[in-house]
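**Student:** Take this structure, written in C-alpha cells, and hold onto it; I'll ask about it next.
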Amino acid sequence: MHWIFVFLLSLSIVALLMPIFIRLMEKYKILDQSGGRKIHEGYTAHMGGIVIFVGFLASCCFSFFYIHYFVDAWKMVSLLVLIIIITIVGIRDDMNNLTPLTKLLFEIAIGIVLCVLGIRLESFYGFLGIYELPIWISYVLTVFFFIVVSNSYNLIDGIDGQAGLLAVATFGFLCLFLWKMIEDGAYGETEGLINPYFWLMIIGAMLGAIVGFLFYNWQKATIFMGDTGSLFIGFMIGIAIIVSMNLNGQYGGAIFDYPIQSKLAVMLGFFFLPLADTLRVFITRIRKGKSPLYPDKTHIHHFLLRIKGYSHAKCAIVLFLFQIFVSTLILALSLWLDDTWLALVIFLLWVIYVFALKLFVNKHIERTKK
C-alpha cells in the first residue's frame, strides 16, 4: 500500500505548509479581492495551488525509489517538467491575467508533448466500430480532450471547497479502478508512462494534496487555489482519465469480479458534473448570442446559492454527493453496458440534468413574479 503512504505524506506537507504560505500572501498583499463575478467577501489569499503542487511534487520525489521500477525514468522526468510548466502558466495567470489565446496555445503545446510521451487516446476500443486511431486523429482528439477537461475544471471552481471536493470525487473513483486492476493482476507488460502502479502513486499524491488544501479552503476559506491550482489539477485529471481509458481498453478492469464492459465512457462519467455544467453553460451563452467564454453567474453553484440560499459548504457537499451518485451509477451500469449504450445513458443524464435545472430556475422565477 505504498500509495497510502504517498497520500498521507502529500496531505501532511500541504497541511503544514499552507498556514505559512497564507501568512506570506497576506504579508505581501497577494490577495483576491471580492467584486464582479467573485462571490466571496473582502480579501482572501490565493494561489494556493502552489502549495498543492509542492506537496504533490515532494511526495512523488520521496516515492521515486519505488515508482522508477515501473516507468521509464526520463519519461517520468519529462512528465514532471510539463506539470511544472502548466503550474508556472497558472502562476503567471494569477499574477497578471493571461489572455485566453495565450493559455490556449500553452495548453495545445503541452498536450502535443504529452502525446509524444505516449499519453494519448490510442484507440476507441470498438466504440462506434472504431479501434486503433490514425496518429494525427489521436493527437487532435487528445489535445482537445485535455483542453476541455482543464477548462471545465477551471470553470467549476467558483465557491469554497467545491473544486477540491469534485477533484477528490474524480480521483477517488480512478484510484479505485487502478487499485482493483493491480489487486486482480488484470494487466500485462506496460510501456512508457501507462502503468497502473505509477498512476496509483500519482493519484494518491494528488488526493493527499487536495485533501490537505481543503482544510483551509472550506467555508469560510482562508485561501483559494487560483488558476495555479485549477490548471494544474484539471491537467492532472485529464491525464489520469486518458491513462485509465487506455489501461481499461487494453487490459480491462473489474469490480467485484464483474468485468467492466465500457472502455471509455465509464471514465468520463467520473468527471460528469464539470463537463455537463460547462457544456450547458456554453450552449446557453451561444443561444443568447454571447461568446461561450463570456463570464457570468449561470453555473449550477450560482443557482444553488441564489435560489436555495445554500451556504458554500452545503452547496459543495450537495454537488459532491451528486457526482458520487452519478459515478456510482455509471460504474454499476458499465458492468452490463458497452461504450455505445453507456455513452447514450450519459447523454440522457445530461439532458435530464439540463431540463431539471431549467425547471428549477423557472419555478423560482414564477414564484418571484407572484
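We did not get these values from a lab; they are worked out from the coordinates using the rules stated. Owing to the predicted nature of the structure, the values given are computational and were not obtained by experimental measurement. Positions of Cβ are generated from backbone atoms using ideal geometry, with glycine treated the same way; all protein chains shown enter the neighbour counts.
**Student:** Need the C-alpha centroid separation for region 10-24 versus region 236-278, integer Å.
**Tutor:** 32 Å
**Student:** Taking 8 Å as the Cα distance limit and 6 or more residues as the minimum spacing, I'd like the relative contact order of region 79-164 as a percentage.
**Tutor:** This gives 23 percent for region 79-164.
**Student:** What's the longest piece of the chain with no exposed GluC sites (Glu not before Pro), counting a site as exposed if DSSP puts it in a loop and it has at most 13 other beta carbons within 10 Å?
**Tutor:** 1-188
**Student:** Continuing with the same structure: Please identify every one of the trypsin sites (Lys or Arg not before Pro) in region 253-331 that sits in a loop by DSSP and has no more than 15 other beta carbons within 10 Å of its own beta carbon.
**Tutor:** Within region 253-331, the qualifying trypsin sites (Lys or Arg not before Pro) (loop, at most 15 other Cβ atoms within 10 Å) are Lys288, Lys290, Lys297.
**Student:** Please state the relative contact order of region 118-248 as a whole percent: Cα pairs under 8 Å, 6+ residues apart?
**Tutor:** So the answer I get is 40 percent.
**Student:** Sequence-distant or interchain residues sharing an amide H contact under 5 Å with Ala254, placed H: which?
**Tutor:** Distant-sequence amide H within range of Ala254: Ile260.
**Student:** Only four residue types carry charge here, +1 at the Cβ of Lys and Arg and -1 at the Cβ of Asp and Glu. Report the dipole size of the chain about the Cα centre in Debye, rounded to the nearest 20.
**Tutor:** 1900 debye
**Student:** Give the Debye-formula value of log10 I(q)/I(0) at each listed q (0.18, 0.26 Å⁻¹), with one equal scatterer per alpha carbon of region 199-251, two decimals each.
**Tutor:** Debye intensities relative to I(0), on a log10 scale: -0.67, -1.03.
**Student:** Taking every alpha carbon pair in region 89-208, what does the distance histogram look like in 10 angstrom bins from 0, in percent?
**Tutor:** Per 10 Å bin, starting at 0, the Cα pair percentages come out as 11, 31, 40, 16, 2.
**Student:** What list of whole percents do you get for P(r) of region 71-152, with Cα-Cα distances grouped in 10 Å bins up to the one holding the largest distance?
**Tutor:** Here the calculated profile for region 71-152 is 16, 43, 29, 10, 1.
**Student:** Something else about it: Considering all projection directions equally, how large on average is the shadow of the alpha-carbon convex hull of the chain, in square nanometres?
**Tutor:** So the mean shadow area of the Cα hull is 18.5 nm².
**Student:** DSSP loop trypsin sites (Lys or Arg not before Pro) in region 1-32 with at most 16 other Cβ atoms within 10 Å of their Cβ, which ones?
**Tutor:** Within region 1-32, the qualifying trypsin sites (Lys or Arg not before Pro) (loop, at most 16 other Cβ atoms within 10 Å) are Lys29.
**Student:** Calculate the all-directions average of the projected area of region 217-296's alpha-carbon convex hull, and give it in nm².
**Tutor:** Quarter of the Cα hull surface area: 8.1 nm².
**Student:** Between Lys308 and Arg287, what's the calculated FRET efficiency when r is the beta-carbon distance and R0 is 35 Å? Round to 0.05.
**Tutor:** Using R0 = 35 Å, I get an efficiency of 0.90.
**Student:** Using all C-alpha to C-alpha distances in region 299-370, build P(r) with 5 Å bins and read off the rounded percent in each one.
**Tutor:** Taking every Cα pair in region 299-370, the percentages come to 3, 14, 19, 20, 16, 12, 9, 5, 1, 1.
**Student:** To the nearest 500 deg cm²/dmol, what mean residue ellipticity at 222 nm is calculated for the chain from DSSP H runs of n ≥ 4 alone, each contributing -39,500 (n - 2.57), summed and divided by the residues?
**Tutor:** -23500 deg cm²/dmol, from helical runs alone.
**Student:** While we're looking at this one, here's another question. Counting pairs of alpha carbon atoms under 8 Å apart in space and at least six apart in sequence, what relative contact order in percent does the chain give?
**Tutor:** It rounds to 25 percent for the chain.
**Student:** Asp32's amide H: which non-local residues (gap 5+, or another chain) put their own amide H closer than 5 Å, with H modeled 1.01 Å from N in plane and none for Pro or chain starts?
**Tutor:** Residues meeting the amide H criterion: Thr44, Ala45, His46.
**Student:** In terms of modelled amide H atoms, which long-range or inter-chain residues lie less than 5 Å from the amide H of Ser123?
**Tutor:** Placed amide hydrogens put Leu133 under 5 Å from Ser123.
**Student:** From largest to smallest, what semi-axes in whole angstrom does region 244-360 give when each is the square root of 5 times an eigenvalue of its alpha carbon gyration tensor?
**Tutor:** 30, 17, 12
**Student:** A further question on this structure: Pick out, in residue order, every one of the chymotrypsin sites (Phe, Trp or Tyr not before Pro) in region 214-318 that is DSSP loop and has at most 10 other C-beta atoms within 10 Å; say none if there are none.
**Tutor:** Filter output for region 214-318: Phe256.
**Student:** Can you list the HN-Hα couplings for region 337-350, worked out from phi with the Karplus curve (6.51, -1.76, 1.60; θ = phi - 60°), rounded to whole Hz and with x for Gly and Pro?
**Tutor:** 9, 7, 4, 4, 6, 5, 4, 5, 4, 4, 5, 5, 4, 5
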